[in-house]
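In what follows, a structure is listed as structure tokens, so that the remarks can point back to it.
Just so it is clear, none of the values below were taken in a lab; they were calculated from the coordinates. Keep in mind it's a predicted model, so treat the numbers as computed, not measured.
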Amino acid sequence: MDAYWAKDIQELFRLQRRSSFQRFVELILAQSGGIFEATRFARPCEVSRTTISNYLNVLQSTYVAHVIRPFSGRRGTEIVAAPKVYAFDTGLACYHKGWHELRPGDFGYLWKHFVLNDVHAVLQT
């Protein structure tokens, strides 16, 4: 995390509050695959909702997290649903969830991550 902060974050984005950003990364990894609501992260990270949105953009830009936004094929329909955020690495996600041994119910969760990572690799996004 130190190298990521020093090299990627400080050089590219010049963020100020390291502890808040680091806490946000830990929370994103722990809830990977879940629905993202910026206000839920603001209090534990001790920053504003806008700052949380900026932090998410940083994670997206550095490929630490993938944001999947809701989609509808129907024109004229507005979707009022929050996006889902996935960690780039299943190992880090499992670590931050506290999973040391996988249970049968965990495989679906990990399968979604695997498919998403494979799609990103094929599409080079």
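Under the 0.36 nm per residue contour assumption, what length would be gained going from the current alpha-carbon distance of residue 68 and residue 97 to full extension?
Working: separation 29, 0.36 × 29 = 10.44 nm, distance 2.03 nm.
That pair, residue 68 and residue 97, stretches by 8.4 nm at full extension.
Any idea what log10 I(q)/I(0) is at q = 0.10, 0.19 Å⁻¹ for the chain, Debye with uniform C-alpha scatterers and no solvent?
-0.34, -1.15
Given the options 43, 69, 14, state which has the largest fluctuation in a GNM of the chain using a 10 Å cut-off (strictly under) for Cα springs.
Highest fluctuation of the listed residues: 14.
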